[in-house]
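Novice: A single structure is presented below for examination.
All of the numbers you see were taken from the coordinates with simple rules; none came from a lab. Everything quoted here is computed from the prediction, not taken from an experiment. Here the Cβ is made from the backbone with ideal geometry for all residues, glycine too, and neighbour counts use every protein chain on show.
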Amino acid sequence: MTLLTFRFAPSPNGELHLGHAYSALLNQKLAETHDGRLLLRIEDIDTTRCTPQFEAGVLADLKWLGVGWEEPVRRQSEHFAEYQAQLDRLIREDLVYPAFMSRGEIRAFIADSEKRGRDWPRDPDGVPLYPPSDKALPVKERKRRIAENEPFAWRLNVDAAVARVGRDLAWTEFSDETLSATRSVEARPQDWGDVIVARRDIPTSYHLAVIVDDALQGVSHVVRGQDLFSATGVQRLLQEFLGLPQPAYFHHRLILGPDGRKLSKSLGDTGLAKLRVAGASTDDVRRMVGL
């Protein structure tokens, strides 16, 4: 019998808050309920914002909550070669292209288009889709600009990848915290446009790293926040093209602040370290997140 494998995968770019506590505790609860495994992954590909100090804080908070995990901890920054191998495959298959436009150039391009009366499409997060001009650049021009050290990111040609897969994609989604019922969800990667799969100096992005990690770690169930629900469509596309196994998913409810918005590390919302210093207990935290 194959053990069910869950994972909690925080980024050490700030302090954990109540939303992270709920996700970590829920993953642990499900692993225990199903006699499965719980893994800890440190998603630190952003080597500028992620720091050893924040990682130490993450580990301290999780231990205080009573969350236990199998060793060793996987740190994404130690596995760039594995992501590079998958990126190289996408490059060989001509499914990614170098995208040179800066944020300012993107804004100017879209503003000009909207002045002409065209509503520019946006992804499910409300971010404008990347303009198509770089995708049309001749290979010679791409190589020249790369050789001259122009900044760029590798973007996935989503339409080409969907066409290459040649069929509709879906994923298996559990419908509640008990993992007792599933439904099939249509994957809509085109909603995101040509997403970034790697930077010039970092050979991966969240979308690419997470599917490679889940495959290599044997993760069977991805339990994470509802804010990542739509992004799963892009990840299913990459899994399918790269021949990686598909986990089952459960996108759980979000813990919201008093004003009804999603909690954020950047705003210091309900940080676990602050709650601990203020005298809160782990039982208090469990009650606060509905567990």
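Novice: Counting other Cβ atoms within 10 Å, which trypsin sites (Lys or Arg not before Pro) in region 25-130 have at most 10 and lie in a DSSP loop?
Specialist: Here the sparse-neighbourhood loop sites are ARG116, ARG118.
Novice: How big is Rg to Rh over region 102-219, alpha-carbon atoms, Rh as the Kirkwood inverse-mean-distance radius? Can you show the working numbers first?
Specialist: On the way: Rg = 17.8 Å, Rh = 17.2 Å.
Reported Rg/Rh (Cα atoms, Kirkwood Rh): 1.04.
Novice: Sticking with this structure for a sec: Would you please give the residues with an amide H less than 5 Å from that of PHE250, counting only those at least 5 places away or on a separate chain, with H modeled from the backbone geometry?
Specialist: The answer is PHE174, VAL222, VAL223, ARG224.
Novice: Please find, in a Gaussian network model of the chain (springs between Cα atoms separated by less than 10 Å), the residue of ARG144, ARG155, ARG164 whose mean-square fluctuation is greatest.
Specialist: Largest GNM mean-square fluctuation: ARG144.
Novice: Return the distance in nm (one decimal) between the two label points of a simple spin-label model at SER133 and ARG118, each offset 7 Å from Cα along Cα→Cβ.
Specialist: Modelled inter-label distance: 1.2 nm.
Novice: For the chain, what proportion of DSSP beta bridges, expressed in % and rounded to the nearest 5, is antiparallel?
Specialist: Close to 55 percent.
Novice: If one computes the Cα centroid of region 1-58 and of region 63-131, what distance in Å separates the two points?
Specialist: If we compute the Cα centre of each part, the gap is 21 Å.
Novice: Here's something else I'd like to know. With a ≥ b ≥ c the root eigenvalues of the C-alpha gyration tensor of region 1-44, is it rounded (a/c under 1.5), prolate (a/b larger than b/c) or oblate?
Specialist: It comes out oblate by the Cα gyration axes.
Novice: Provide the per-residue ³J(HN,Hα) series for region 275-291, in order, calculated from phi with Karplus coefficients 6.51, -1.76, 1.60 and θ = phi - 60°, each as a whole number of Hz, with x at glycine and proline positions.
Specialist: Using θ = phi - 60°, the values come out as 4, 5, 4, 6, x, 5, 9, 5, 5, 4, 5, 4, 5, 5, 9, x, 10 Hz.
Novice: Report the convex hull volume per residue for the chain, counting only C-alpha atoms, in Å³. Each step should come with its number before you reach the end.
Specialist: Working: hull volume 46.1 nm³, N = 291.
It is 158 Å³ per residue.
Novice: Then there's this: What is the dipole size for the chain, taken about its Cα centre, with +1 at each Lys and Arg Cβ and -1 at each Asp and Glu Cβ, in debye to the nearest 20?
Specialist: The dipole magnitude comes to about 480 debye.
Novice: Rounded, prolate or oblate: which fits region 36-134 when a ≥ b ≥ c are the square roots of the eigenvalues of the alpha-carbon gyration tensor, with rounded for a/c under 1.5 and prolate only if a/b beats b/c?
Specialist: prolate
Novice: Which of SER102, SER77, SER11 moves the most in a Gaussian network model of the chain with Cα springs under 10 Å?
Specialist: Among SER102, SER77, SER11, the largest GNM mean-square fluctuation belongs to SER102.
Novice: Using Cα-only point scatterers and the Debye equation, what is log10 of I(q)/I(0) for region 159-200 at each q in 0.23, 0.26, 0.33, 0.35 Å⁻¹, rounded to two decimals?
Specialist: Once normalised to I(0) and log-transformed, intensities are -0.84, -0.92, -1.14, -1.18.
Novice: Could you give the length gained on full extension between SER184 and PHE229, defined as 0.36 nm per residue of separation minus the Cα-Cα distance, in nm?
Specialist: 14.9 nm
Novice: Just tell me which lysines come within less than 27 Å, Cα to Cα, of LYS143; anything on the same chain fewer than 8 places away is out.
Specialist: Within the straight-line limit of under 27 Å, LYS143 reaches these lysines: LYS135.
Novice: Mind listing the phi-derived Karplus ³J(HN,Hα) values for region 127-136, rounded to whole Hz, using 6.51, -1.76 and 1.60 with θ = phi - 60°, and x for any glycine or proline?
Specialist: Working through the residues one at a time gives 8, x, 5, 5, x, x, 5, 5, 4, 8 Hz.
Novice: Neighbouring Cβ atoms within 10 Å as the yardstick, rank GLU173, GLU105 fewest first. Working shown, then result.
Specialist: Values: GLU173 16, GLU105 12.
Taking fewest neighbouring Cβ atoms as first place, the list is GLU105, GLU173.
Novice: Would you work out which of ALA278, LEU291, ALA147 lies farthest towards the positive end of the dipole of the chain? Charges go on Cβ: Lys and Arg +1, Asp and Glu -1.
Specialist: Positive-most Cα among the choices belongs to ALA147.
Novice: List every residue whose amide H lies under 5 Å from the amide H of LEU4, counting only residues 5 or more places away in sequence or on a different chain, with H placed 1.01 Å from N in the peptide plane.
Specialist: Result for LEU4 returns ARG37.
Novice: Then there's this: Apply the a/c threshold of 1.5 to the C-alpha gyration tensor of region 131-285 and tell me whether it is rounded, prolate or oblate.
Specialist: oblate
Novice: Another question, if that's okay. Taking the Cα centre as origin and putting +1 on Lys and Arg beta-carbons and -1 on Asp and Glu beta-carbons, what dipole magnitude results for region 149-291, to the nearest 20 debye?
Specialist: About 280 debye.
Novice: Taking a point 7 angstrom from the Cα of ARG261 along the C-beta vector, which residues in region 5-22 have backbone N less than 17 Å away?
Specialist: 17-19
Novice: Cα to Cα, under 30 Å, and not fewer than 8 places away if on the same chain: which lysines meet these conditions relative to LYS29?
Specialist: LYS63, LYS262, LYS265, LYS274
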